[in-house]
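In what follows, a structure is listed as structure tokens, so that the remarks can point back to it.
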Amino acid sequence: MERDANTAFGRALVDEWARAGVRHAALAPGSRSTPLALALAADDRIELEVFLDERSASFFALGAGKASGRPAVVLSTSGTAAVNLHPAVVEGHHAQVPMLVCTADRPPELRDTGAGQTIDQTRLFGTAVRWFADPGPPEDREGAGTHWRSVAARAIGAATGPQPGPVHLNLPFREPLVPAGAPLVDAPGRPDGRPWTVEQHRSPGSTDGDVEAAVEFVSRAGVARQGVIVAGAGTTASPSVVEQLASTLDWPVLADPLSGLRTGDDSIASYDLLLRDERFVGSHRPEVVLQLGAAPTGRAVLTWLEAAARRAVVANQGVWPDPARSAELVVRAAPDPLLRRVAEHGIRVADESWRAGWVDAEHRARSAVDALVDTWDEPFEGRVARDVVATVPSDGSLVVASSMPVRDVEAFARPRSGLRFLANRGANGIDGFVSTVLGVAAADPEGAPTVALLGDLCLLHDANGLVGANDRNLDATFVVLDNDGGGIFSFLAQASAPEASRHFETLFGTPHGVDLVELAALHGLGASRVTRADDVVPALRGALADGGVRLVVVPSDRSQNVDRHRAVVDAVAAALH
């Protein structure tokens, strides 16, 4: 009797991944993926979630990888099911999130024959994966187990390497797809429970050359005396190290919340609003910029940075951090050792008035913003962002959606510590956000609260992620800014250009008319609607106390939201001058 290779293959892969620390997997139902699906379901070391939609499953795996730093498995059947994984793969590629992307496939003899659910899945995701492998259909042959375990171990190594990201395994299976009672092909793992192969990766350290280049860059700033430290998403620098360098140089720190560095009392949190004032910009042009990670999100700060005479960037491997193509120096190194060694040189290139002026402007701007927005009874999206950031409990996670929420968090969030910010800012899309948040909640090692801030279109774009959410034993609160459409477009030229504005609501505003509280009820989820600004925080605290997956829906008017953003900018300008 021929031995069962399909079952042995699936169990060998799953066992290797569990030995390597994989703890989460997601799949969408399908027939061709049965051998691996059964293996995942049978291994209690890996928590398996089932989604009806492959896209939701893949973004759940993405969220789990973002939160834990360990790859999660996503499994689909063949054909267009596999194609639906592509958006999450692209986000994982650009955001450097480890993922194990498994697409079941028809065996080679069925390809190009018109067989159902059969497409060309070879290198389906192109250059968006760190490694692609198609080990062929599992077969009963000598040495098969060694081959399978080696493939599984190498997939882990590639996904978690110096440049983490998705790995694609295309797995063709021949029938029978379910165990038929035959003995299994031998595929034993190492007897001591270790993975088959462990790939050691060493983080790039700062060489003497890196330090010398950075010191020389900062020293030359002594002529300019006006420098800033700018921090964006993707940096791994520590707040204490950055503050040490900022204190040494007497430079202000402009930190996007996604950097994790907007923590100190003197952090310049209102820079997006400050840099919308032409007089302030004219008197605060940086001659030198030290950028950590990606640039911040807002257009105002990006335009301001482009005018800097000199800019150096400390960034991760694999990400080119210079869309403006103006950086003088790019250093690929772990930031803390490099920044600490630069600070130890004791360079002082500015006088105290430069940084003090920024801090004074920050305090004036913050006071003006709070004094204005706290007088509005109806919810204002900027205030909601400010209050949500301040309310999430310490050690919690705030997952911020692209479009307006991430911009409002950047502009309005006060400095605070003890909060982890996450976002899908690799490709900056709104798709798959609900499932990403659920993945974050599932992978949080301490079970800390997970809160999401998103818009109504973002929620609807991944409404399939709500299916079965109440049965996943997760705690995640979604604060949904509901302006009945695409609010960001009201800030763009499409809203006022004569030719575009005639079709604005149809093409850009896209009102949907969906009652989001009723949508939540349809999925068995708790939801509340908040119509007063002062009630947002109590509603969020109540949802967190109740637990489970819940929605707090905050209605907003798109036109009024634009007017109030402009009023805030005007109030800041008045406070400065």
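Just so it is clear, none of the values below were taken in a lab; they were calculated from the coordinates. Treat the numbers as computed from the prediction; the structure is a model and nothing was measured. Ideal geometry is used to build each Cβ from the backbone, glycine not excepted, and the neighbour counts take in all protein chains shown.
Tabulated data for the structure shown
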read-out: Kirkwood Rh and Cα Rg combined as Rg/Rh, region 1-64; value: 1.00
read-out: Alpha-carbon centroids, region 56-135 and region 156-198: separation in whole Å; value: 15 Å
read-out: Highest average packing first - 125-137, 393-405, 427-439, 513-525, Cβ atoms within 10 Å; value: 427-439, 393-405, 125-137, 513-525
read-out: Assigned charges on the beta-carbon of Lys, Arg, Asp, Glu; region 36-182 dipole about Cα centre (debye); value: 460 debye
read-out: Volume in Å³ per residue [convex hull over Cα atoms, computed for region 374-576]; value: 125 Å³
read-out: Relative contact order (%) - the chain, alpha-carbon pairs under 8 angstrom, separation at least six; value: 14 percent
read-out: Computed lengthening from His503 to Arg3, 0.36 nm per intervening residue step minus Cα-Cα distance; value: 173.6 nm
read-out: Cα-centred dipole magnitude for the chain, charges only on beta-carbon of K, R (+1) and D, E (-1), debye, nearest 20; value: 980 debye
read-out: Proximal charge balance of Leu124 [Cβ under 11 Å; K/R count +1, D/E count -1]; value: -2
read-out: Lys, Arg +1 and Asp, Glu -1 on Cβ, resulting dipole of region 409-462 about Cα centre, debye, nearest 20; value: 260 debye
read-out: Rounded, prolate or oblate (a/c below 1.5 giving rounded, otherwise prolate when a/b exceeds b/c) for region 413-454 by Cα gyration tensor; value: oblate
read-out: Dipole of the chain, positive direction: furthest Cα of Thr375, Ala333, Trp148, with charges on the beta-carbon; value: Ala333
read-out: Amide H contacts of Met99 (H built 1.01 Å from N, under 5 Å, at least 5 apart or other chain); value: Gly165, Val167
read-out: Inter-centroid distance (Cα atoms) of region 229-291 relative to region 382-426, Å; value: 17 Å
read-out: Alpha-carbon gyration tensor eigenvalues x 5, square-rooted, for the chain, Å; value: 44, 30, 20
read-out: Karplus 3J(HN,Hα) series, Hz, for region 164-178 with 6.51 cos²θ - 1.76 cosθ + 1.60 (x for Gly, Pro); value: x, x, x, 10, 10, 10, 9, 10, x, 10, 8, 6, x, 8, 10
read-out: Stokes-Einstein D for region 72-147, Kirkwood Rh over Cα pairs, 10 °C, 1.306 mPa s (µm²/s); value: 115 µm²/s
read-out: Distance (nanometres) between label positions extended 7 Å along Cα→Cβ at Arg532 and Ser238; value: 4.6 nm
read-out: Kirkwood hydrodynamic radius of region 515-577, from inverse mean 1/r over distinct Cα pairs, in Å; value: 13.9 Å
read-out: The chain - mean residue ellipticity at 222 nm from DSSP helices (-39,500 (n - 2.57) per run, n ≥ 4, rounded to 500); value: -11500 deg cm²/dmol
read-out: Cβ crowding within 10 Å averaged over residues, with 8-14, 352-358 ranked highest first; value: 8-14, 352-358
read-out: Rg over Rh, two decimals, region 5-172 (C-alpha only, Kirkwood Rh); value: 0.93
read-out: Karplus 3J(HN,Hα) series, Hz, for region 56-70 with 6.51 cos²θ - 1.76 cosθ + 1.60 (x for Gly, Pro); value: 4, 4, 5, 6, 4, 4, 4, x, 4, x, 4, 6, 9, x, 10
read-out: Burial order of peptide ranges 88-100, 500-512, 305-317 (average beta-carbon count within 10 Å, highest first); value: 88-100, 305-317, 500-512
read-out: Region 208-358: proportion of alpha-carbon pairs further apart than 23 angstrom, %; value: 26 percent
read-out: Dipole of the chain [Lys/Arg +1, Asp/Glu -1 at C-beta], most positive-end residue of Gly298, Val129, Leu507; value: Val129
read-out: Debye-sum result for region 335-421 in log10 I(q)/I(0), which assumes one identical scatterer on each alpha carbon, at q = 0.16, 0.24 Å⁻¹; value: -0.85, -1.13
